[in-house]
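Accompanying notes for the structure given below.
Quick note: the coordinates plus some simple rules give every number you see, no bench work behind them. Note that the structure is a prediction, hence the values are computed from the model and not measured. Don't worry about glycine lacking a Cβ; one is built from the backbone with ideal geometry, like all the others, and counts go over all protein chains shown.
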Amino acid sequence: MSNKGTQFGERGAARARIIAAVLLLCVAVLVFFRVGHWLVREDPLRKSSAIVVLAGAMPDRALEAAEIYRSGIVPEVWITQPAQPRQVMQTLGIPFDGEEEYSRRVLVHQGVPQNAIRILSPTVVNTADEIDVIANSLKRVNGTSVIVVTSKAHTRRVHALWNRIEGGRGQIVVRAAVADSFDPSHWWRSTHDALDVVREVLGLLNVWAGLPLKPAR
């Protein structure tokens, strides 16, 4: 091949690499700006056996659960029990009612009857534990579906965990707390929102990989 032909070939290859790099950059920018919206995956509300308040983000999730309960589409509100910081507090000898107790008080304050509130057991460490506890409780009441209230950025991972762990044991309707301040359109402007995105993306990768990473217990 002549020197001229070689030069044309090298220029063509360089041009192809530049085009590929530009396309990859465009995709990366698109993913960056859209990932916040992608993480939020809510379902239409429908009648279910119960509504569950997942641990964390108190009192937003409990407030949302109370609002849905008042609509009359569920007979009960279930609350999961996080193991921490209860265990640490007990070790220190410091009285601690537990997050579930405060969520229960929020529900009662918002008009949910005491006899319609159920605190689930055993205690949980992570969302995967919560999914298992919810599925077992749903089976005990012979239910077919349950509404799960969580934070906006957490909704897609809740779906993914349910499908991987308990997909054959009923259905879930995932709802986000309206009061949650997560801004999917500008998540990079807040350290809180940015940490939510990073945690949820890494959590989803762990789910898709078959949950090889386990929490320390």
Exercise for the section: At a Cα cut-off below 18 Å, give the aspartates and glutamates reachable from LYS47, other chains included and same-chain residues fewer than 8 away excluded. Expected result: GLU64, GLU67, GLU76
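Restricting to the chain, what percent of DSSP beta bridges are antiparallel, rounded to 5?
Within the chain, antiparallel bridges account for around 0 percent of the total.
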Problem - Within the stretch 20-49, backbone nitrogen closer than 15 Å to the virtual label 7 Å beyond the Cα of VAL178 toward Cβ - result: 45
Problem - Helix 60-70 vs. the chain, principal-axis angle (Cα, 0 to 90°, nearest 10) - result: 60
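How much length is gained on full extension from ARG70 to ASN163, taking 0.36 nm per residue of separation minus their Cα-Cα distance? Kindly include the intermediate steps, with their values, before the conclusion.
Working: separation 93, 0.36 × 93 = 33.48 nm, distance 2.83 nm.
Full extension of this stretch gives 30.7 nm more.
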Exercise for the section: Determine, from the Cβ-Cβ distance of MET58 and LEU25 and an R0 of 35 Å, the FRET efficiency 1/(1 + (r/R0)^6), rounded to the nearest 0.05. Expected result: 0.30
Fill in the blank from the handout: In degrees, nearest 10, the alpha-carbon axis of helix 155-165 is tilted away from the dominant principal axis of the alpha carbons of the chain by 80
Fill in the blank from the handout: Relative contact order as a percentage, the chain, C-alpha pairs under 8 Å and 6+ apart, gives 26
Handout entry: Simple spin-label estimate for GLN84 and LYS47 in nanometres, 7 Å along Cα-Cβ
Key = 4.2
Handout entry: Helix axis angle, 99-109 relative to the chain longest principal axis, alpha carbon, degrees
Key = 70
Exercise for the section: Show which aspartates and glutamates lie in cross-link reach of LYS139 when reach means a straight Cα distance below 12 angstrom and same-chain residues fewer than eight apart are skipped. Expected result: GLU166
Fill in the blank from the handout: Here, VAL141 and VAL198, labelled 7 Å along Cα→Cβ, have an inter-label distance in nm of 3.8
Problem - Per-residue ³J(HN,Hα) for the stretch 83-89, Karplus 6.51 cos²θ - 1.76 cosθ + 1.60, θ = phi - 60°, Hz, x for Gly and Pro - result: 5, 10, x, 3, 5, 5, 4
